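Enquirer: Quick one: this structure, given as structure tokens, is what I'll be asking you about.
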Amino acid sequence: MRRQRARRAWQSAALIIGLTAVVSGARGAQKPEWPQFHGPRRDNMSTETGLLKQWPEGGPKLVWTAKGIGSGFSTVAIAGKRIYITGNIGDHTVIAALRLDGRSLWQARNGPACRHQHAGTRSTPTIEEHRLYHMNADGDLVCLDARTGRHLWGLNILKKFGGRNITWGFAESLLIDGDNVICTPGGQETGMVALNKITGTTVWTCTGTRDKPGYCSPTLFEHGGVRQIAVLMSRSVIGVNADTGKLLWQEPHVCPFEENITAPLFHDGRLLISTRTTGTRLFELKTDGDRVTLKERWGTAALTNQHGGMLVVNGHIYGECHGGQPWAVLDFGSGTTTYKGRGIGRASITYADGRLYLLSFSGTMALVRPDPRTFAPVSQFRVPKGGRGPFWAHPVVCGGRLYVRHDDTLFAYDIAER
């Protein structure tokens with residue numbers, strides 16, 4: 001019965017996503033939502049149309065600037081005509097809600113400020129049905145009323161599940177699956193957990209991984225009739241049955257300093273992962289009833305994505321590399337490198353309306369035409385400094401706006417075509 005309810009929830013979610021795609025495509029630069037890290041489907045691909053194909057000299061119009069959000073590297077979630085973001089303010093991790101015009105609505109605390117190396121918040125809030133879910137770098141998981149910031153429930157996954165923190169602190173952006181909130185304590189006994197999203201009570205625990213957590217956010221997909229959650233741990237990638245918590249498969253994937261960060265991508269029936277130095281791997285998944293096995297189709301060190309993210313566009317993989325040539329394009333099917341070059345340097349990435357949006361770690365924002373054979377920038381400009389440190393927060397395109405975060409400042413640019 002529980003599996004049937006979960007499957008119905010999955011089918012309903014798929015319908016909602018499909019309707020969202022139709023509405024945003026028909027209305028162009030209206031106000032679609034980006035309610036979690038990397039958007040509604042967690043693939044970092046916006047369905048918006050009606051956006052500028054080229055920017056004016058000096059960049060698109062800066063609509064507003066919001067200061068005082070706190071220091072951090074997390075990006076925005078947008079839902080219900082509100083923008084949500086997190087930051088270190090004083091000794092606290094603070095979740096902030098803003099209007100679409102940048103004015104503050106409320107702020108709420110979620111545990112201590114992140115004091116790990118490269119101090120600043122990591123994870124992006126997840127919004128679902130007027131509730132906000134967030135976990136700080138020390139494992140404090142909280143559910144708030146997204147309209148008011150009122151605390152609904154919370155727990156610490158280190159204390160509750162024997163979790164193990166990692167060098168730079170938890171960076172997972174929480175996943176909602178039907179009635180469940182998914183998180184990855186990475187304990188010796190408990191690798192992944194599903195909590196009831198309304199009460200916070202434990203629904204299932206995944207045992208047997210025996211791996212610490214990575215800095216990765218989980219990906220939900222269905223293949224061969226089995227709903228799975230994939231995530232990179234410190235030294236492996238795992239697949240967990242989304243309905244029962246059973247560990248389906250585990251593949252070793254060791255990266256220097258255990259920096260498994262970039263979320264897995266499920267595309268065309270295959271699973272794609274990429275990390276610093278170790279490189280990019282594509283896996284075939286085979287299902288036999290509720291049994292799932294993994295087979296590596298190809299692997300390459302030509303694309304070594306650390307934390308800028310990667311995309312699959314028209315059969316090719318685009319992403320930043322940790323190394324001397326920080327931009328690479330691979331053929332999805334074969335893993336063959338079709339381009340390798342400098343680009344704008346190491347950069348975070350998103351996609352909307354036929355264009356790649358790249359934000360370099362040094363603050364250059366570029367609009368790039370996807371081309372598997374070359375790097376094809378159309379426009380670029382420098383984002384003003386909004387604090388200290390690199391530009392690591394991923395850019396977001398939503399509602400005809402481009403959102404760029406640098407430390408204590410959020411910039412909103414008008415990129416709608418008139």
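Enquirer: For E284, are the conditions met, namely being touching a Leu at 6+ places or on another chain (Cβ under 6 Å), surrounded by fewer than 19 Cβ atoms within 10 Å (Cβ to Cβ), in contact (Cβ under 8 Å) with a residue 12 or more places away in the chain and over 25 Å from K340 (Cα atoms)?
Expert: no
Enquirer: Let me ask another. Quick check on T65: is it modelled with pLDDT under 95 and surrounded by fewer than 24 Cβ atoms within 10 Å (Cβ to Cβ)?
Expert: No, not satisfied.
Enquirer: Counting just the residues of the range 68-93 that are aliphatic (A, V, I, L, M) and part of a loop (DSSP other than H, G, I, E, B), which one comes out surrounded by the most Cβ atoms within 10 Å (Cβ to Cβ)?
Expert: Taking the candidates together, the pick is I69.
Conditions tested, residue by residue: (1) in a loop (DSSP other than H, G, I, E, B); (2) buried (at least 16 other Cβ atoms within 10 Å of the Cβ); (3) of a type outside the set (G, A, S); (4) in contact (Cβ under 8 Å) with a residue 40 or more places away in the chain.
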| site | (1), (2), (3), (4) |
| --- | --- |
| G335 | yes, yes, no, yes |
| S362 | yes, no, no, no |
| V368 | no, yes, yes, no |
| P372 | yes, yes, yes, yes |
| S379 | no, yes, no, yes |
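Enquirer: Right, another one. With respect to T199, determine if the residue is hydroxyl-bearing (S, T, Y), in a strand (DSSP E or B) and either surrounded by fewer than 22 Cβ atoms within 10 Å (Cβ to Cβ) or more than 19 Å from the chain's Cα centre (by Cα) (or both).
Expert: no
Enquirer: State yes or no: is Q250 closer than 29 Å to G354 by Cβ, out of contact with any helix residue (DSSP H, G or I) (no Cβ under 9 Å at 6 or more places or on another chain), of a type in the set (S, T, N, Q) and surrounded by fewer than 23 Cβ atoms within 10 Å (Cβ to Cβ)?
Expert: Against the criterion (closer than 29 Å to G354 by Cβ, out of contact with any helix residue (DSSP H, G or I) (no Cβ under 9 Å at 6 or more places or on another chain), of a type in the set (S, T, N, Q) and surrounded by fewer than 23 Cβ atoms within 10 Å (Cβ to Cβ)), Q250 does not qualify.
Enquirer: Can you tell which of F170, F221 is hydrophobic (A, V, I, L, M, F, W, C), closer than 17 Å to N136 by Cα and at pLDDT 95 or above?
Expert: Sole residue among the options that is hydrophobic (A, V, I, L, M, F, W, C), closer than 17 Å to N136 by Cα and at pLDDT 95 or above: F170.
Enquirer: Oh, and also: Could you tell me how many of the residues in the range 306-321 are surrounded by 20 or more Cβ atoms within 10 Å (Cβ to Cβ) and assigned to a loop (DSSP other than H, G, I, E, B)?
Expert: Number of matching residues: 5.
Enquirer: Within the set of pairs 6+ apart or on separate chains, which have a first residue in the range 200-220 that is closer than 27 Å to L152 by Cα and free of Cβ contacts under 8 Å to residues at least 60 places away in the same chain, a second that is of a type in the set (K, R) and in a loop (DSSP other than H, G, I, E, B), and C-beta atoms under 6 Å apart?
Expert: Matching pairs, first to second residue: none at all.
Enquirer: I'd like the full set of residues that are buried (at least 22 other Cβ atoms within 10 Å of the Cβ) and farther than 22 Å from S123 by Cβ, limited to the range 253-270.
Expert: Of everything in the range 253-270, nothing turns out to be buried (at least 22 other Cβ atoms within 10 Å of the Cβ) and farther than 22 Å from S123 by Cβ.
Enquirer: Looking for whichever is within 24 Å of R235 (Cα to Cα) and either at pLDDT 95 or above or aromatic (F, W, Y) (or both) here; the options are G299, G315. Which one fits?
Expert: After ruling out the rest, the residue left standing is G299.
Enquirer: Test each condition in (1) buried (at least 16 other Cβ atoms within 10 Å of the Cβ); (2) under 30 Å from I229 (Cα atoms); (3) out of contact with any Lys or Arg (no Cβ under 7 Å at 6 or more places or on another chain) for R115 and report the one that comes out false.
Expert: (1)
The values are calculated or read from the model by the stated rules, or taken from the named source; none is laboratory data. Being a predicted model, the structure only gives us computed values, none of them experimental. Methodologically, a virtual Cβ is constructed for each residue, glycine included, from the backbone with ideal geometry; neighbour enumeration extends over all protein chains shown.
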